[in-house]
1. Tell me, how many Å apart are the Cα centres for the stretch 430-444 and for the stretch 57-90?
2. With contacts defined as alpha carbon pairs under 8 Å and 6 or more residues apart, what's the relative contact order of the stretch 141-241 in percent?
3. Only Cα pairs under 8 Å and at least 6 apart count here; give the relative contact order of the stretch 302-446 as a rounded whole percent.
4. Output the pairs from 141/320; 65/612; 373/511 with a Cα-Cα distance over 30 Å in this structure; if there are none, say none.
5. Might you work out the accessible area of residue 409 for me, using a 1.4 Å probe with all protein chains in place, and round it to the nearest 10 Å²?
6. Please say if the stretch 325-386 is rounded, prolate or oblate, where rounded means a/c under 1.5 for a ≥ b ≥ c the square roots of the C-alpha gyration tensor eigenvalues, and otherwise the choice is prolate for a/b larger than b/c and oblate otherwise?
7. So how far, in whole Å, is the C-alpha centre of the stretch 335-405 from the one of the stretch 1-21?
8. Which FRET efficiency, nearest 0.05, do residue 364 and residue 398 yield, Cβ-Cβ r, R0 22 Å?
Amino acid sequence: MFNLDNISIAFGHVTLLDGVNLRIENGERVCLIGRNGEGKSTLLKIISNQILADSGKLEIRSGYKITLLNQEHNFHPDETVFHAVSKGLGKLGELVEEYHDLVQRVANDDKLLPKLERVQHRLEAEDGWRLEQRVETILSKLNLPTDQPLSELSGGWRRRVALAQILVTEPNLLLLDEPTNHLDIEAISWLEDMLLDFNGSILFVSHDRQFMQRISTRIIELDRGKLTSYPGNYAVYLRTKEANLEAESVRAAKFDKNLAKEEVWIRQGVKARRTRNQGRVRTLQKLRTERAQRRNQIGNIRLNLDSGELSGKIVIEAEKINKSYQDNLLVKNFSTTILRGDRVGLIGANGTGKTTLLKMLLGELEPDSGAVKHGTKLSIAYFDQLRTQLNPESTVVDAVSEGQDILTINGKNKHVMSYLGDFLFAPARARSPVKSLSGGERNRLLLARLFTKPANLLVLDEPTNDLDIESLELLEDLLANYAGTLLLVSHDRKFLDNVVTSTIVFESKGKVKEYIGGYEDWLRQRSQPAKSSTTQKKSSAPKQIDSKTRKMNYNEQRELAKLPNQIEALEAELAELQILISDPEFHKREQVKNQTFERMKTINADLKTMYKRWEALEDIS
């Protein structure tokens, strides 16, 4: 149905895709990974026919629909959700949209009846009723408020609208470019459930490791212009990738040793040059050509963070602080004591007040009531998710150096160009304007700027957006060994689990609680699922059983007792199926493959139902 054959593309002297091949089977959920700037978005645009490759073939069977969800989407703020979603149907969508408008307006204006009848006849003639029903079905499935203006929706809900817009086309292959970026944890969980229920195939770019682990049935990596396929989930990929890198290193070492030997031979004395074997000379020339064409793996960014002078034992103390904006209660009677060495994560839906709380704790914003006290000897470094500290017109080197050629990093002098090289900025890139950088490069630049000065209180507001996996893991290691105090806002669940020692969670309107441990620890400790204060008016979430109205009966007690074992059995079966699909021979057996994917879909649906039931029963108990 879909095949890429020997696709290549370059921009200037940089080759992004170098003869890549790709085939995606029906029902597969394939994750495309790679470093920032490797060409992942370019590959998606080639597949969706938005740009043309320099060479190679894109083969798509007639009637096979491919749609792309970009990282950015442009909606008119005044249009309604229904209008935005209908646009996915093209010309017929405009007709459906017109009918929807007329139905709402005709009640107040009888003169519109003839026009409404004409539109109805056109819809009947062009099978528009089925399309109108498709729009309504998608809106209902994604819990979207039909007639609400987009200007009233948060970024996460606009992402749902963008997804609905492409789903109404009923694509066979869904392309998603960083779908979790700027979504809160609740929205990411919703997206995971939706994609697991999707009937077609999915190719998505993501750096969210937990999202990849749950969604992907195969991982393909774009590295130095080549695609490598790794059947299975993210955990299987990590094991296989490590083995592949070791094998590549051994092959390269053997090649270089042989090349060095031949170079010594060709440089021997006059007699050797007169009698040398011409076939051997040609072999050496071939080796030199291969060595010149070999693209070595790019190095990792090198992160160093100086925690400077020790702060006092108590870093921040907040007592019964409150904050509201108009009628919107963000923080109610919250108290906390943050000690030196604590690494605290802030969790909550978009718009709940995480950044507001950060600013109150840092003294940048006064609470409506309550008090915030700071400890002694604090030096603060603040990573701003909006990157307002970066002047888009200045160069990369000026953004870091502030006019100095030599920087002092961890007590040692270092030239600014060498320091930027640690963050993978080549000299030419370092002289480029900030506005020319990608999102991932801007994040690396902001980290480079942040780490030039000692700080014993590090505040990071969404540092993980746009960073590739290797940079994420290096940042994790740095923060895990940081001697100072850390305040971290992130929607990356794995990152939180690997870094923080406690979490501050926005659980409902104004209710903020503190828990020991990371994200998974919070899930285990919370009394019931946190309810987002930004949930839209229209929601079909299952109603919780009111524990105050009755006690659990005998049958419900037995059901609750059995659920953990039933869930454990399904999760074990799912793990076995993940191992099965990691077998290279798996995709050659069509019948087994289809049965396996169908069973995995059923298991995921059953697990989702069981977890909801478990939460409902525990609310009673």
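1. 29
2. 20
3. On the way: 183 pairs, mean separation 35.6, N = 145.
Worked out over the stretch 302-446, it gives 25 percent.
4. Values: 141/320 41 Å; 65/612 34 Å; 373/511 21 Å.
141/320; 65/612, as the Cα separations exceed 30 Å there.
5. 20
6. Details: a/c = 1.74, a/b = 1.36, b/c = 1.28.
Prolate.
7. Value for the Cα centre distance between the two parts: 42 Å.
8. On the way: r = 26 Å, r/R0 = 1.17.
My answer for the efficiency is 0.30.
The values are calculated or read from the model by the stated rules, or taken from the named source; none is laboratory data. What you are looking at is a predicted structure, and each value in this text was computed from that prediction instead of being measured. Cβ atoms come from the backbone with ideal geometry, glycine included; neighbour counts cover every protein chain shown. Accessible surface is based on the protein model in full, side chains and every heavy atom, while ligands, DNA and RNA are left aside. Shrake-Rupley method; radii C 1.70, N 1.55, O 1.52, S 1.80 Å.
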